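S.K.: To start, I am sharing the structure in question, which I have written as structure tokens.
The values are calculated or read from the model by the stated rules, or taken from the named source; none is laboratory data. From a predicted model like this one, the values you see are computed outputs, not experimental measurements. Cβ sites come from the backbone with ideal geometry, for glycine too, and all protein chains shown count toward neighbours.
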Amino acid sequence: MTFLDEAVITARSGDGGSGCVSFRRERFKPRGGPDGGDGGDGGSIILRATNRLQNLSHLRSSPLFKAQNGQPGRGKNQSGRNGQDLVIELPVGTLALDRETHHVLADLISDGQEVVLLSGGRGGKGNQHFATSTRRTPRIAQPGTPGQEITLQLSLKFLADIGLVGFPNAGKSTLLSRLTTARPRIDSYPFTTLVPNLGVWYLQGHRSLVLADIPGLIEGASEGKGLGHRFLKHIERTKLLVHLLDITYTPKNNIIEDFFALKKEMTAYNPVLAEKPHMVLINKMDLYGDHCRDVHEMQKAFEQIEVVSLPVSALNGMGIRDFKKMLLERFFSDLNGEE
Ligand SMILES: Nc1nc2c(ncn2[C@@H]2O[C@H](COP(=O)(O)OP(=O)(O)OP(=O)(O)O)[C@@H](O)[C@H]2O)c(=O)[nH]1
Ligand SMILES: [Mg+2]
């Protein structure tokens, strides 16, 4: 599967068509007046956000996007046709920057949002407009103005509500596939997920949350270990980070230390991530039995550092009801206790 979250493209709006120099030719009227039509306007370049796309790989093979030129004007006062606009579809969450100045030209944040990036050139006026009482046979017309060109740096940063983070194999993709229609690969070895996945969790009453599952992090990710930091930008814009920890596997023999190890790697990438609201899911509880003392102790320890934690099983669904309830309260304060 190809996953592209950075791309460079060049876009060019259409040139305006030129105005026409022409004179009326009619029988018995040898010296007809000017009748040159106007040129059509060039097509514009429009960026449109869509939920149908999840990355930028559709742009790989078309680095130049060109809108149509306007047609030149013609005799008999006929205007040239306007060039068609060119719409470039991009996934929601794409930032378009001017590659030279690094200015943000568009931040596409909602499905269907459109931004006119480059207007087309204006069509020139035909000679019909240039006749005066002293100049009856104007042999001039305006050329159209040229289109504009820009090279864009496109950068996709997912716009998800919740980011799932954790060590490899913790069960992030299993959870995503349990809650949403996304079908990421799941396997019993680390680094199954090589690229980020998005899924929509439909809750009651038309409410929904977008979840992002990113490849597992390991200690030393900031030095490029594992898949490194490459995909952390996709959780930068989330509202809540959910840390998944595997109760059967604690690399540091202490789940709280594992949690801090993860947090440290994220902070090394971007301190903003450390400030984000977060909670913990202690996963794979089905392998551990219901009434084990350890998990209560773990939860208490998290409580002491003011982190909410819940025991769950992404595999059999245990604890997911509580998780859902917590999220409904957190994200939809308008609920008034309805479930
Ligand atoms: N018993 C049990 N196994 C689980 C649970 N959640 C996930 N697993 C298993 O753990 C393994 C890893 O699951 P994934 O969902 O691929 O883990 P991941 O966190 O996405 O892993 P990476 O993509 O490598 O970072 C798979 O074999 C899953 O079936 C759980 O709640 N209980
Ligand atoms: Mg995975």
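Quick grid of which residues meet (1) farther than 29 Å from residue 295 by Cα; (2) among the basic types (Lys, Arg); (3) outside the structural domain of residue 316 (by TED's automatic domain parsing):
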| site | (1), (2), (3) |
| --- | --- |
| 181 | yes, no, no |
| 206 | yes, no, no |
| 220 | no, no, no |
| 230 | yes, yes, no |
| 242 | no, no, no |
| 259 | no, no, no |
| 265 | no, no, no |
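S.K.: If residue 213 satisfies all but one of (1) more than 7 Å from ligand 1 (Cβ to nearest atom); (2) surrounded by 22 or more Cβ atoms within 10 Å (Cβ to Cβ); (3) under 22 Å from residue 260 (Cα atoms), what's the number of the condition it fails?
M.R.: All conditions pass for residue 213, except number (1).
S.K.: Among the residues of the range 20-29, is there at least one that is of a type in the set (Gly, Ala, Ser) and modelled with pLDDT of 90 or more?
M.R.: Yes, because at least one residue in the range 20-29 is of a type in the set (Gly, Ala, Ser) and modelled with pLDDT of 90 or more.
S.K.: Give the residue, chosen from 251, 277, that is in the same structural domain as residue 168 (by TED's automatic domain parsing), away from ligand 2 (no atom under 16 Å from the Cβ) and more than 17 Å from residue 171 (Cα to Cα).
M.R.: Being in the same structural domain as residue 168 (by TED's automatic domain parsing), away from ligand 2 (no atom under 16 Å from the Cβ) and more than 17 Å from residue 171 (Cα to Cα) holds for just one of 251, 277, which is 277.
S.K.: Filter the range 150-204 down to residues that are away from ligand 1 (no atom under 12 Å from the Cβ) and in contact with a Gly (Cβ under 6 Å, 6 or more places away or on another chain), then give me how many there are.
M.R.: 5
S.K.: Looking at (1) surrounded by fewer than 15 Cβ atoms within 10 Å (Cβ to Cβ); (2) under 26 Å from residue 51 (Cα atoms); (3) touching a strand residue (DSSP E or B) at 6+ places or on another chain (Cβ under 6 Å), which one does residue 183 not meet, given that it meets all the others?
M.R.: Exception for residue 183: condition (3).
S.K.: For residue 96, are the conditions met, namely being within 16 Å of ligand 2 (Cβ to nearest atom) and closer than 30 Å to residue 267 by Cβ?
M.R.: no
S.K.: Within the range 107-120, is there a residue that is of a type in the set (S, T, N, Q), more than 30 Å from residue 278 (Cβ to Cβ), out of contact with any strand residue (DSSP E or B) (no Cβ under 9 Å at 6 or more places or on another chain) and more than 16 Å from ligand 2 (Cβ to nearest atom)?
M.R.: Taking every residue of the range 107-120 in turn, none turns out to be of a type in the set (S, T, N, Q), more than 30 Å from residue 278 (Cβ to Cβ), out of contact with any strand residue (DSSP E or B) (no Cβ under 9 Å at 6 or more places or on another chain) and more than 16 Å from ligand 2 (Cβ to nearest atom).
S.K.: Between a first residue in the range 266-288 that is more than 20 Å from residue 331 (Cβ to Cβ) and a second residue that is crowded, with 20+ Cβ neighbours inside 10 Å and of a type in the set (Ser, Thr, Tyr), which pairs have beta carbons less than 7 Å apart while being 6 or more apart in sequence or on different chains?
M.R.: 282/309; 283/313; 284/313; 285/313; 286/313
For (1) modelled with pLDDT of 95 or more; (2) within 9 Å of ligand 2 (Cβ to nearest atom), each residue gets a yes or a no:
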{"site": "163", "(1), (2)": "yes, no"}
{"site": "174", "(1), (2)": "yes, yes"}
{"site": "186", "(1), (2)": "no, yes"}
{"site": "193", "(1), (2)": "no, yes"}
{"site": "196", "(1), (2)": "no, no"}
{"site": "203", "(1), (2)": "no, no"}
{"site": "207", "(1), (2)": "no, no"}
{"site": "216", "(1), (2)": "no, yes"}
{"site": "219", "(1), (2)": "no, no"}
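S.K.: What strands (runs of 3 or more DSSP E) lie completely within the range 58-168 and have 3 or more residues being of a type outside the set (Phe, Trp, Tyr), surrounded by fewer than 19 Cβ atoms within 10 Å (Cβ to Cβ) and not assigned by TED's automatic domain parsing to the domain that holds residue 230?
M.R.: 94-98, 104-107, 114-118, 149-156
S.K.: Still on this model: Looking at residue 237 and the list (1) under 22 Å from residue 155 (Cβ atoms); (2) free of Cβ contacts under 8 Å to residues at least 60 places away in the same chain, which single condition is not satisfied?
M.R.: (2)
S.K.: Does the range 1-19 hold any residues that are modelled with pLDDT of 95 or more and either part of a loop (DSSP other than H, G, I, E, B) or not assigned by TED's automatic domain parsing to the domain that holds residue 77 (or both), and which are they?
M.R.: Answer for the range 1-19, where residues must be modelled with pLDDT of 95 or more and either part of a loop (DSSP other than H, G, I, E, B) or not assigned by TED's automatic domain parsing to the domain that holds residue 77 (or both): 13, 14, 15, 16, 17, 18, 19.
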